[in-house]
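**Q** Let me give you the structure first, and then I'll get to my questions.
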Amino acid sequence: MARVHTVATFALIALVPLVPLGFWIYARAASVDRGPEVRHAKLLLSQTAPPLAGARNLGFDAYEERSWAGENLVPISSYTVETAYRLPHAMRPSEVVVHYKRELTDWRIEEASAAGVAFRRGDDRIALDIAEYRDSPTSMREYGVMVSH
């Protein structure tokens, strides 16, 4: 009987390295697909929340949001797509906010501050980043938009 316990103990110890592999496989299987998430965000940015007239897109970045704290062993629950726009001329931050309030009339304002405004409709969230892009308290040439789902 002691030999059976010894064999069982060694077998269980040998399986310990497989635990992280199991978590990694689970995280991959339970994560949302990046492609559809990013396409959805870009569709919202182009059709639902288009930039101000003449604004030029400066590129996109997509950031994964994990379901809870942890690195690669935790499923990705969503992606946040961030972009910035270059305005054709300097504008007041309030003009940018007014434009998006006009475009997103059927969205609810989730939060508003000097840093920006966040709009929500269902699971979708569009947030304007004003503070990081200001040239002065009353003028800006660029602004940022983040979309999460």
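**Q** Restricting segment 112-149 to residues that are surrounded by 14 or more Cβ atoms within 10 Å (Cβ to Cβ) and assigned to a loop (DSSP other than H, G, I, E, B), which is modelled with the highest pLDDT?
**A** Per the stated criteria, the residue is I130.
This table checks each residue for (1) of a type outside the set (S, T, N, Q); (2) more than 24 Å from D123 (Cα to Cα); (3) in contact with an Asp or Glu (Cβ under 7 Å, 6 or more places away or on another chain); (4) in a loop (DSSP other than H, G, I, E, B).
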| position | (1), (2), (3), (4) |
| --- | --- |
| I13 | yes, yes, no, no |
| P20 | yes, yes, no, no |
| I25 | yes, yes, no, no |
| A29 | yes, no, no, no |
| E37 | yes, no, no, no |
| Q47 | no, no, no, no |
| G70 | yes, no, no, yes |
| E82 | yes, no, yes, no |
| L87 | yes, yes, yes, no |
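**Q** Out of the residues in segment 55-90 that are among the aromatic types (F, W, Y) and open to solvent by 80 Å² or more (accessible area, probe 1.4 Å), which is nearest to the chain's Cα centre (by Cα)?
**A** Y63
**Q** Still on this structure: Does at least one position in segment 91-107 carry a residue that is of a type outside the set (V, I, T), open to solvent by 40 Å² or more (accessible area, probe 1.4 Å), at pLDDT 95 or above and in a strand (DSSP E or B)?
**A** The answer is no; no qualifying residue exists.
**Q** Are there any pairs, at least 6 apart or on different chains, whose C-beta atoms fall under 8 Å, with the first in segment 21-45 and under 12 Å from T80 (Cα atoms) and modelled with pLDDT of 95 or more and the second in a helix (DSSP H, G or I) and of a type in the set (G, A, S), and if so, which?
**A** Final answer for the pair search is none.
The values are calculated or read from the model by the stated rules, or taken from the named source; none is laboratory data. Values in this document were obtained by computation on a predicted structure and should not be read as measured data. Every residue, glycine among them, receives a Cβ derived from its backbone with ideal geometry; neighbour counts consider all protein chains shown. Areas reflect the complete protein model, heavy atoms only, side chains present, ligands, DNA and RNA absent. Shrake-Rupley method; radii C 1.70, N 1.55, O 1.52, S 1.80 Å.
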